[in-house]
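Colleague: Structure incoming, see below.
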């Protein structure tokens, strides 16, 4: 009869829920297509790398399904009831060891010897017992040469050996050596020196291996118990992040791939993952549909460095940019200086998507204006320099010839100014007619028509961005980020809007009725309207005047 598993829906997928000891006995019967993860790395996770190394049977740096199943079978053989694995603790009652198994029986004997009158054993007690063992160590051989000489021998070993080999071939006419690369030591002396270093290092290695073997022999009886306690402590944690993503979707704890918390722009990002391969992460992470911040982090006191990618799932983005500084806290509370090095831009919310087209247009206009101003400023400065040079040369020439420049003034052309005043009057008339027509049109249009027009225009501008954001927010997926770190994720890990909100916390200030002495004092509404009308009138006057003078030929000559 097939084993009856418990299923649950987590992260947009139906997953197996391991919640009782009997489940561990049947992991080998679970269809691998139902596992959320097919393999994960043994390093870079918030779980003991030493424990994962014990589970990595082929020592390839990955934990695969068959190795998880083998570990589960091992635990079930060593323990009377695998229910104790759910505690995620390195403490074990000695009575819980399955003494019907010879290996477990030997562990129980060692555990009783360490525990004395206690009924339980833990990892700290085992480590203390191992540390208390005194093993006689052989003395390391004395080095025949100074450390810097030995280092120099290793540094030049390949080049010198190659040169002397080529020199032998050159004697037979089979090679040509470069005299500039000839060693400053004779070949015989070099071979003697190399042989001394090789003999010393071989002896030192033999002594080190013998000492290690002696320690292993003295502590060997403790190692099986230590291995069992380490795996007992971490196995259920791995299962919850392997068969399903229970820890990730449980907001009270963090998953083993979450490395800490990034605080930036009055927000704290809880979904932070270490970057193992920056190139692959940059190429793959965009498929997640999340707004991602790549950061380089460093703790100056300890010299620790790491690269992370953090998901921003709430708030706005207009203050986020490459080069922005932040603070990152690892899982142990150690703080790092963080700097944003790359941003993958994806929607954070429907509201943010609504304003995105306007912000992009405003940025485009600002960049265009800044570029134009910079170009004109540069050109003006060059023209000014050129004119100043010409003026200086002319002044010197006039001073030498004794000539004086006469100022010529153009006659006041009353007709020209009359035309300008007429053009301004026409512009004001046009503006007045426009405003009058606009007011009449609004007055004759039902108010609800105006609202529909405004909503329609806004939907035309923001609708596509909001629609795209809606679909992307529904499909945000953590799997591409983990895959870029060497995981083989077998199912989607959806981060929908409600769950995404829990992954980024935003600063919330209390409502205060305080008067800000430095608050910006704005203009009254009527003043803003008046200024707007005057600016429009001025622009229209300039345009009409330019058209008038162009048509009448006043600017010709």
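The values are calculated or read from the model by the stated rules, or taken from the named source; none is laboratory data. Keep in mind it's a predicted model, so treat the numbers as computed, not measured. Backbone-built Cβ (ideal geometry, glycine too); neighbour counts: all protein chains shown.
Colleague: Picking from 519, 527, which residue would you name as being closer than 30 Å to residue 316 by Cα and modelled with pLDDT of 70 or more?
Modeller: One residue alone meets the criteria, 519.
Colleague: Of all residues in the stretch 480-516, how many are in contact (Cβ under 8 Å) with a residue 60 or more places away in the chain and over 16 Å from residue 313 (Cα atoms)?
Modeller: Selection size over the stretch 480-516: 12.
Colleague: Here's another thing I want to ask about it. Inside the stretch 154-249, counting only helices (runs of 4 or more DSSP H) that do not spill past its ends, which hold 3 or more residues that are modelled with pLDDT under 90 and more than 30 Å from residue 270 (Cα to Cα)?
Modeller: Qualifying helices (runs of 4 or more DSSP H): 187-219.
Colleague: Answer with yes or no whether residue 71 is assigned to a strand (DSSP E or B) and farther than 23 Å from residue 484 by Cβ.
Modeller: No; evaluated as a whole, the condition is false for this residue.
Colleague: Which residues, counting only those in the stretch 271-321, are in a loop (DSSP other than H, G, I, E, B) and either crowded, with 18+ Cβ neighbours inside 10 Å or at positive phi (or both)?
Modeller: We begin by selecting, within the stretch 271-321, every residue in a loop (DSSP other than H, G, I, E, B); these are 271, 275-277, 289-290, 300-303, 313-321.
Passing the criteria: 271, 275, 289, 290, 303, 313, 314, 315, 317, 320.
Colleague: Sticking with this one: Is it fair to say residue 126 is within 30 Å of residue 207 (Cβ to Cβ), surrounded by 15 or more Cβ atoms within 10 Å (Cβ to Cβ) and modelled with pLDDT of 90 or more?
Modeller: Yes.
Colleague: A further question on this structure: Return the residue satisfying two criteria in turn: it lies in the stretch 39-66 and is in a helix (DSSP H, G or I), in contact (Cβ under 8 Å) with a residue 40 or more places away in the chain and out of contact with any strand residue (DSSP E or B) (no Cβ under 8 Å at 6 or more places or on another chain), and of such residues it is farthest from residue 227 (Cα to Cα).
Modeller: Of everything passing the filter in the stretch 39-66, 50 is farthest from residue 227 (Cα to Cα).
Colleague: Out of all the residues in the stretch 213-226, is one or more surrounded by fewer than 17 Cβ atoms within 10 Å (Cβ to Cβ), in contact with a strand residue (DSSP E or B) (Cβ under 6 Å, 6 or more places away or on another chain) and not assigned by TED's automatic domain parsing to the domain that holds residue 63?
Modeller: Among the residues of the stretch 213-226, not one is surrounded by fewer than 17 Cβ atoms within 10 Å (Cβ to Cβ), in contact with a strand residue (DSSP E or B) (Cβ under 6 Å, 6 or more places away or on another chain) and not assigned by TED's automatic domain parsing to the domain that holds residue 63, which makes the answer no.
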